[in-house]
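Asker: The structure that follows is given in the form of structure tokens.
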Amino acid sequence: MAVTRCVCFQKTFCDVLAVARENGWSTAAEVSLNMRCGLGCGGCRPYLQAMLDTGATCFAVRVDDLPPKPCKPEPWDIQ
Ligand code: FES
């Protein structure tokens, strides 16, 4: 299973990235301030920043403190 969304606020990274690009946001803090993503459990914050930095919207689950790595979504990751 991949990380493709902010679970707390039920927003996919695809949707978040589109809004971020429209508004010129480049930091996870800007996304959080405007869309609330990242303000719940906080688990998506590193993924949000990686999304903004790389344009990827699907990431392998992190098992260390390194930046999240983009991955190819499985069929069940896409909704
Ligand atoms: S998953 Fe985004 S704040 Fe919890």
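Asker: State the number of residues belonging to the range 12-46 that are on the phi > 0 side of the Ramachandran plot, free of Cβ contacts under 8 Å to residues at least 24 places away in the same chain and open to solvent by less than 50 Å² (accessible area, probe 1.4 Å).
Answerer: Number of matching residues: 1.
Asker: Collect the residues in the range 18-52 that are more than 17 Å from ALA2 (Cβ to Cβ) and either out of contact with any helix residue (DSSP H, G or I) (no Cβ under 8 Å at 6 or more places or on another chain) or aromatic (Phe, Trp, Tyr) (or both), keeping them in residue-number order.
Answerer: Within the range 18-52, ALA18, ARG21, GLU22, GLY24, TRP25, ALA29, LEU33, ARG36, GLY40, CYS41, GLY42 meet the criteria.
Asker: Pairs only if they're at least six apart or on different chains, beta carbon under 7 angstrom, first in the range 47-72 and assigned to a helix (DSSP H, G or I), second basic (Lys, Arg); list them, first residue then second.
Answerer: Correct list of pairs: empty, since none qualify.
Asker: Another question, if that's okay. Kindly list the number of the only condition in (1) within 13 Å of the ligand (Cβ to nearest atom); (2) within 11 Å of the chain's Cα centre (by Cα); (3) open to solvent by less than 40 Å² (accessible area, probe 1.4 Å) that fails for ALA56.
Answerer: With (1) within 13 Å of the ligand (Cβ to nearest atom); (2) within 11 Å of the chain's Cα centre (by Cα); (3) open to solvent by less than 40 Å² (accessible area, probe 1.4 Å) applied to ALA56, the lone miss is (1).
The values are calculated or read from the model by the stated rules, or taken from the named source; none is laboratory data. What you are looking at is a predicted structure, and each value in this text was computed from that prediction instead of being measured. For neighbour counting, all protein chains shown are included, and Cβ atoms are generated from backbone atoms with ideal geometry for every residue, glycine included. Note: accessible area is taken over every heavy atom of the protein model, side chains too, but ligands, DNA and RNA are not part of it. Shrake-Rupley method; radii C 1.70, N 1.55, O 1.52, S 1.80 Å.
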